[in-house]
Amino acid sequence: GVAGPTGFAGGVSDGRNGATVLDYSERNVKAHKAWFFFDDVELALGAGIDAAAATGEVITTINQTFQKGSATWGATTGALGVVSSGTVTRSDLSWILHDGVGYVFPTPQSVTIRAAVQSGSWSGLNTSQSSTLVTGSVFSLQVSHGTATTGGSYSYVVLPGANGSAVTAYAAAPTVRVLANTRTLQALSLIHI
């Protein structure tokens, strides 16, 4: 319900496929963000991430949700892993699967998978909500851009309703390809197999 300070935000759709964009500018962080939706695939791009005056680490949160089982991951090197608790940070991740949602990384980036017990209240996000403390095991997936970053970027694909074989197959043969992810252009192409 609060308007952002930039005027560039919006989306288009033909009822089946679509795209949304946002020029983000909050808390000394600026970024160009885009999301593209095709059938059962979402491609998210971020570029021009600038935070020279930020006081802490700048991250892009891909997902944060209550944990349901372990998260599995595969690296471009062929390494495989499981995260049921703790934190794993890698720059060579190819894919991650948690609770039937797959995440594929078309370019190398520093990605953190975390499974940990957290506590907080909904009023911490919205003062009109309950201040009752809620505790639970939380799965989070983030891309780190470091501190005092200039020109940061990210890209990832989301595959809802996926299983392990679907995620590994998509990572090996993606249906979308990033053509550009810069301050001035974020574009993709569909790959027809």
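Taking all protein chains together and rolling a 1.4 Å probe, THR60 ends up with roughly 10 Å² accessible.
By the helix-only formula, in which each DSSP H run with n ≥ 4 contributes -39500 (n - 2.57) and the sum is divided by residues, the chain has a 222 nm mean residue ellipticity of -1500 deg cm²/dmol. Projected over all directions and averaged, the alpha-carbon convex hull of the stretch 1-102 occupies 9.1 nm². By accessible area, using a 1.4 Å probe on protein heavy atoms only, the stretch 44-193 has 54% of its surface on carbon and sulfur.
Relative contact order for the chain: 23 percent, from Cα pairs under 8 Å spaced at least 6 residues apart, divided by residue count. For the chain, the equivalent ellipsoid derived from the alpha-carbon gyration tensor has semi-axes of 25, 24, 18 Å in decreasing order. A full extension of the chain between ILE59 and VAL134 corresponds to an added length of 24.6 nm, given 0.36 nm per residue minus the alpha carbon distance. Using the 1.4 Å probe convention, the accessible area of the stretch 1-134 works out to 57 Å² per residue with neighbouring protein chains retained.
Label separation (ARG183 vs ASP14): 3.3 nm, computed from points 7 Å beyond Cα along the C-beta direction.
Its residue count N fixes a reference of 2.2 N^0.38 Å for the stretch 49-125, and the Cα radius of gyration divided by that reference is 1.24.
The values are calculated or read from the model by the stated rules, or taken from the named source; none is laboratory data. A quick note: this is a predicted structure, and the numbers were derived from the prediction, not measured. Neighbour counts are summed over all protein chains in view; Cβ atoms, including those assigned to glycine, are modelled from backbone coordinates with ideal geometry. All accessible areas refer to the heavy atoms of the entire protein, side chains included, with ligands and DNA or RNA removed. Shrake-Rupley method; radii C 1.70, N 1.55, O 1.52, S 1.80 Å.
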